[in-house]
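Since every read-out is calculated from the coordinates, none of them should be taken as a lab result. Since the structure is predicted, the reported quantities are computational estimates derived from the model, not experimental observations. Quick reminder, even Gly has a Cβ in these numbers, built from the backbone with ideal geometry, and neighbours come from all protein chains shown.
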Amino acid sequence: MIIRPIQEKDLVPTRLLITAAIEAADIRDHAALPEQIDACNESALAQLNEPDANHAITLVCQMADEVIGTAQFNQDGEVKLFYVQPEWQRRGIGRALLAEMALNAQCLDITTLQVHSTLGAKLFFIEHGFRSQDSDFSEWLVADLTKWKIKYEATTTH
C-alpha cells in the first residue's frame, strides 16, 4: 500500500471510487434519496477536480496499480473528501489514510482536523479520536492533532 499526493492519472479512478463509496454509504445509511446521492457525488467530484482556494492537499491510497482510497483537506483543517473503495473498507486503509492525512496536516502547522460525515462514517472517525464539537452531537467532528499524533505516528508512511 502506498499513500501519496494525487496525480493527474489518478483523477478517473478516484472519481469512480468516490461514486462507488457514496452509493455504498447510502445503502448502509438508508437515508439518502437518489437526487441526494447525485448531489453528494457531484459535490465530491467537483471538489476533486477543482479544489477550493483554501486547498491544502489531496492524497490517494494505492494498492498495486489500483487507487483504493482518497482524502483531501484544506488549510483550515476541514476534511473535504475521505473515501475508501467499498471492497477495501475495514482493512485498515481508512486508518492509514487518516494517519497520513494527519501527518501532512501537522507538517502544514494545522493543529485540528474537522469532518462532516455520514452516519456510518461518523463511527469510524469517533473510533479514531474525533469528537463532537458541542454537546448536541453535531454533524461536525473534530480531532486535536496535538494529542492525536502520538497514537498514530507509527502507522504513517514517512
Hey, rough spin-label estimate for residue 16 and residue 4, points 7 angstrom out along Cα→Cβ, what's it come to in nanometres?
-> 1.9
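Rounded, prolate or oblate for region 54-146? Axes are the square roots of the Cα gyration tensor eigenvalues, ordered a ≥ b ≥ c, and the cut-off for rounded is a/c under 1.5. Write out the running numbers ahead of the final one.
Values: a/c = 2.00, a/b = 1.25, b/c = 1.59.
Note, shape of region 54-146 comes out oblate.
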